[in-house]
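The structure appears below as structure tokens.
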Amino acid sequence: MMPGASFVNRWQKHARGYALLVLLLIVSSPTAAQEGASNSEQNVRPVLSLSLKEAIALALAPEGDVRVRLAEQQLRRMQAQRDEVRAALLPHVEASLQEQNRTVNLEALGIRIPFPGFRPFVGPFTTFDLRATVTQTLFDLSLVRRLHAASASVNAARADLERVRDHVAGQVARLYLAALRAEAALATARANVALAEALLKLARDQKAVGTGIGIEVTRAEVQLAHERQRLLIAENERRRAHLELLAVLGLPLETEVRLTDALTYTPMELPTLDHALRTAWRSRADYMAQQEREAAAHLAYRATKWERLPSLVGFADYGTIGMSPAHTAPTRTYGFALRLPLFDGGRREAHQAEAHAAWQQERARTEDLRRQIEREVRLALDDVRSAEEQVKVAEDGLRLAERELVQARHRYEAGVTTGLEVTDAQTRLQRARENLVAALYAYNLARLELALAMGTLHPFWR
């Protein structure tokens, strides 16, 4: 079972703490500490140091993602509906105070006395009545089943809130990884520009000493222009990734983000398929929510079957009645009422058929979700294995490309070969760096998708 109100309270406390932490990070940035009062004179962009855990906590804050807030309100709504159903099983107590002055026509009540001078009117007279009434349902299996169904609906809403939190956390994590990839691509582009500048200098030096030709300098200049163009594209992609991350977090778009995590390779021990599936069926919030919805529909259907049984209600009242508050006498009434439903025009049969159809729908959804989870787990395991191999191949390719470039530069400096060999090695090194960035991103994304598929994303952000 999922945790109750303590779950929401715990998350609200964590979210407030993370929000305060982020606020402190913004206020205590190095620029603000060094420049001090000069910031009021210049338009300085705030700098936010942000880790993956802090980014997810911001999205799940009380005033964070609207989907989380909607799920929280749905949980409160289901709890209110459960309390409303439970109220029918609890005692109902009422108190009344009544004072009235009446004139009664006895003939209207069927009383006629054939005496001369008989007047059918009685009164006016005053009646004062102070009374308390209690009603208690003693036996009604249908109401009990409805209460169980309402409790299952509350559990489903609570699990659905967890599902929404996981969904939002997964979305933020994907955007954070995309931003890390953009950061790594930008660093790669800058390294390629630096390499192109160094090779251009080498070509000019070789030409100056008479071992190079002009076409090699031109070729190096073209390569440098190409790398600078790619650098501009990488800078734009980085800004785009940061803006998308700020937008989903609800932060001001002018905020400068400094990502504290890095796109790295961390080996992991993959679980077996059976273990991953058992973990997913036990931990996936959406699967637990669907199971609770199926249970609620089943209990609602059983409640309609019990509507044919008799119900027993106890009632009692006690009060004082008289002509005035000073002249009253106590009276009381108590008893039991047995209610036996006989015929209602087919309403119960129609209600039962509707509840049965709703239950069968939820059963079909549960089975479909179970197959979907199995498919997602299988694909995620395959993706992690493939991405891990891609990282190893990309690392080997980068080492070989770096070695090739070093050898090509030595050969070019020695006058053994032309600058074309260096340019080719430079191009392969550029491709190897990009391949490594893509492989690292694919590996980390595959790990994230596996955690989402297994329902074990919590260690990423709790």
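Here is how the numbers come out for the structure above:
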item: Cα lying deepest toward the dipole's positive end in the chain, options Ser324, Leu340, Gln430, charges on Cβ; result: Ser324
item: Fraction of antiparallel bridges per DSSP, the chain only, in percent to nearest 5; result: 90 percent
item: Distance (nanometres) between label positions extended 7 Å along Cα→Cβ at Val134 and His327; result: 3.2 nm
item: Exposure proxy order (Cβ contacts within 10 Å, fewest to most) of Asp344, Asp261; result: Asp344, Asp261
item: Extent along principal axes [Cα atoms of the range 171-302; Å; largest to smallest]; result: 95, 41, 24
item: Computed Kirkwood radius, in angstrom, where 1/r is averaged over Cα pairs of the range 5-456; result: 29.9 Å
item: For the chain, with +1 on Lys and Arg beta carbons and -1 on Asp and Glu, the positive-most of Gln74, Leu263, Thr304 along the dipole; result: Thr304
item: The range 332-435 pair-distance distribution - Cα-Cα, 10 Å bins, rounded %; result: 12, 16, 13, 11, 10, 9, 8, 7, 6, 5, 3, 1
item: Tyr334 versus Glu367: modelled label distance in nm, points set 7 Å from Cα along the beta carbon direction; result: 5.4 nm
item: Alpha-carbon centroids, the range 225-247 and the range 143-161: separation in whole Å; result: 49 Å
item: Along the chain, longest interval not containing exposed chymotrypsin sites (Phe, Trp or Tyr not before Pro), exposed being DSSP loop plus at most 12 other Cβ atoms within 10 Å; result: 119-342
item: Helix 273-283 axis, angle to the chain major axis (alpha carbon atoms, nearest 10°); result: 40 degrees
item: Viscosity 0.890 mPa s, 25 °C: Kirkwood-radius Stokes-Einstein D of the range 171-246 over Cα pairs, µm²/s; result: 178 µm²/s
item: Rounded if a/c under 1.5, otherwise prolate or oblate - the range 376-422, Cα gyration tensor axes; result: prolate
item: At 0.890 mPa s and 25 °C, Stokes D of the range 67-161 from Kirkwood alpha-carbon radius, µm² per second; result: 133 µm²/s
item: The chain - mean residue ellipticity at 222 nm from DSSP helices (-39,500 (n - 2.57) per run, n ≥ 4, rounded to 500); result: -23500 deg cm²/dmol
item: For the chain, the longest site-free run once GluC sites (Glu not before Pro) in DSSP loop states with at most 12 other Cβ atoms within 10 Å are removed; result: 270-462
item: Two-site label geometry, Met268 and Ser51: point separation in nm, points 7 Å out along Cα→Cβ; result: 1.8 nm
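Where a number appears in this text, it was derived from the coordinates with a stated rule and is not lab data. Everything numeric in this text was worked out from a predicted model, so none of it was measured. Heads up, the Cβs are rebuilt from the backbone with ideal geometry, glycines too, and the neighbour counts pull from every protein chain shown.
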